[in-house]
Amino acid sequence: MIIELDTKKILIILIIIVLAIGIAGAAYLLYHPEKEQTLQVKDLKIEKGESNLYKLKGHVTLLKDFDYLEARIIFYDEHNTIVGQSYAWNMLNPSKGNTIDLGGSPPSTCSGTPKYAVVSFYDIAGGNKPVANFTVQINNTTSTANNTTNTSTSTSSSSSDSPTIYAYKSDGTPMYSKTEADNYMLKKYGTDKYKKQKNGYIDPDSVRY
């Protein structure tokens, strides 16, 4: 028995498949958009003052208009344990193109000795998805009028001297290994079957209960 192939039908089927893939890709980008760069930081650092107070310094340049913007700091010790958290800075209606001095922010305290800190910027007060994260290495030498030793600076979401961040919790807290992320997902969702988005956050649509 000889089966004759209809070239036109095959071509139509291929076109339909290509269109379906294109529509699916567009839909994915619509509901899982890439996080655009919305700000840049320069000379970001944290200085240790007296009484174990840590002060955020540096400048942030806005690449878009914001209704609101705030910065929070999470301090970690050498074991990647959180030893302090604080709201560092906020501003209403900051405009695109402005460069803002973060030096006026209030000092932060820690319950232990931090090795590094993650500085996160949010465009919603109390929000849980940062628009940017930056890791800052901390030198715990006290900064005084005669001693201006500062922290080293990183202008990306991770640095070569700090542990690599594997994924982020919904509140922006970094997780440093797949095991840590799996345990977090098991505890919160009862499953370790999930996928990460390109911005590092767990894709909620991928969680299988």
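Things worth noting here:
- For His59, His79, order by how many other beta-carbon atoms lie within 10 Å, fewest first: His79, His59
- Length added when fully stretched, Asn183-Lys195, from 0.36 nm per residue minus Cα-Cα: 2.9 nm
- Counting charges near Lys55 (Lys, Arg +1; Asp, Glu -1) among other residues having Cβ under 12 Å from its Cβ returns a value of +1.
- In terms of surrounding Cβ atoms within a 10 Å radius of their Cβ, Val136, Val18 rank from fewest to most as Val18, Val136.
- Model label sites at Leu19 and Tyr166, defined 7 Å from Cα along the beta-carbon direction, differ in position by 4.4 nm.
- When Glu70, Glu78 are sorted by how many other C-beta atoms sit within 10 angstrom of their C-beta, beginning with the fewest, the order is Glu78, Glu70.
- For the pair Thr109 and Asp43, the difference between a 0.36 nm per residue extended length and the Cα-Cα distance amounts to 21.6 nm.
- Label-point separation, Asn93 to Ile10 (7 Å along Cα→Cβ), nm: 6.5
- Remark: spin-label model distance Ser206-Glu50 equals 5.1 nm, labels positioned 7 Å along the Cα→Cβ axis.
Only the coordinates and a few stated rules stand behind these numbers; no lab work does. If you're wondering where the values come from, they're calculated on a predicted model, not measured in any experiment. Please note: Cβ atoms are built from the backbone with ideal geometry, for glycine as well, and neighbour counts cover all protein chains shown.
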